[in-house]
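Take a look at the structure set out below.
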């Protein structure tokens with residue numbers, strides 16, 4: 001009888017230890033999984049950022065403005081876009097890197113602008129939203145020069161509401177875009193906003 005009781009106690013103690021070890025292993029797995037996910041997200045952001053910082057380099061010629069779906073009357077938006085488009089037919093902008101710093105220089109007729117730029121990537125749900133950030137150096141504000149919207153690059157450093165994408169030889173800047181469940185190559189927006197297109201010339 002004593003042998004059975006002793007054996008039972010040993011079994012309970014062993015089972016308790018096994019259960020505690022199992023829980024500890026599960027906790028460690030969860031911790032590693034969370035660390036991996038965090039690293040993956042950071043790498044995804046960094047990868048998108050690095051790709052865009054490379055692909056944007058060069059000189060771009062303005063192409064067109066497209067009004068995406070909007071709560072505001074498309075006729076009003078389209079009229080404004082047509083005026084802005086007409087004033088940008090000769091607009092070019094060059095993005096380049098020098099001594100590890102990224103710069104832009106733009107020209108449109110007699111208007112010349114310059115300054116620094118960068119790319120930031122925001123994650124909303126499972127979608128990454130790359131944004132172009134531009135700091136004014138000389139000339140009018142980069143938002144006014146590019147998008148007829150002076151304050152879009154304003155606010156704290158690194159903030160912007162201009163989504164960016166580069167596909168083949170075209171650059172897309174989308175202004176006022178709504179959050180889309182699925183990113184699209186033409187600017188990561190399926191509704192809302194105005195999209196400015198540029199073609200790579202050199």
Might you check whether a residue that is modelled with pLDDT of 75 or more, over 17 Å from residue 118 (Cα atoms) and assigned to a strand (DSSP E or B) occurs anywhere in the stretch 174-184? no
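Select from the stretch 104-115 the residues that are without any contact (Cβ under 8 Å) to a residue 24 or more places away in the chain and either under 23 Å from residue 48 (Cβ atoms) or surrounded by 13 or more Cβ atoms within 10 Å (Cβ to Cβ) (or both) and list them in ascending order. Don't jump to the end; show me each part of the working.
Of all residues in the stretch 104-115, those without any contact (Cβ under 8 Å) to a residue 24 or more places away in the chain come to 105, 107, 109-110.
The answer is 105, 107.
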Look through the stretch 46-60, keep the residues that are surrounded by 14 or more Cβ atoms within 10 Å (Cβ to Cβ) and under 16 Å from residue 127 (Cβ atoms), and return whichever of them is farthest from the chain's Cα centre (by Cα). 52
Residue 70 versus (1) modelled with pLDDT of 75 or more; (2) surrounded by 11 or more Cβ atoms within 10 Å (Cβ to Cβ): which is the lone unmet condition? (1)
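Tell me which residues, restricted to the stretch 116-154, are on the phi > 0 side of the Ramachandran plot, touching a helix residue (DSSP H, G or I) at 6+ places or on another chain (Cβ under 8 Å) and either loosely packed, with under 15 Cβ neighbours inside 10 Å or without any contact (Cβ under 8 Å) to a residue 60 or more places away in the chain (or both). Working first, answer last.
The first filter runs over the stretch 116-154 and keeps only residues on the phi > 0 side of the Ramachandran plot, leaving 125, 139, 148.
If we keep only those that are touching a helix residue (DSSP H, G or I) at 6+ places or on another chain (Cβ under 8 Å) too, we end up with 139, 148.
If the condition is that a residue be on the phi > 0 side of the Ramachandran plot, touching a helix residue (DSSP H, G or I) at 6+ places or on another chain (Cβ under 8 Å) and either loosely packed, with under 15 Cβ neighbours inside 10 Å or without any contact (Cβ under 8 Å) to a residue 60 or more places away in the chain (or both), then 139 is the only one that fits.
Considering only the stretch 160-173, I want to know if a residue exists there that is modelled with pLDDT under 85, part of a loop (DSSP other than H, G, I, E, B) and within 17 Å of residue 53 (Cβ to Cβ).
Step one: list which residues in the stretch 160-173 are modelled with pLDDT under 85, which gives 160-161.
Add one more test, that the residue is part of a loop (DSSP other than H, G, I, E, B), and what stays is 160-161.
Next, only the ones that are within 17 Å of residue 53 (Cβ to Cβ) stay: 160.
Yes, that holds for at least one residue.
The values are calculated or read from the model by the stated rules, or taken from the named source; none is laboratory data. These numbers were taken from a predicted model, which means no experiment stands behind them. Methodologically, a virtual Cβ is constructed for each residue, glycine included, from the backbone with ideal geometry; neighbour enumeration extends over all protein chains shown.
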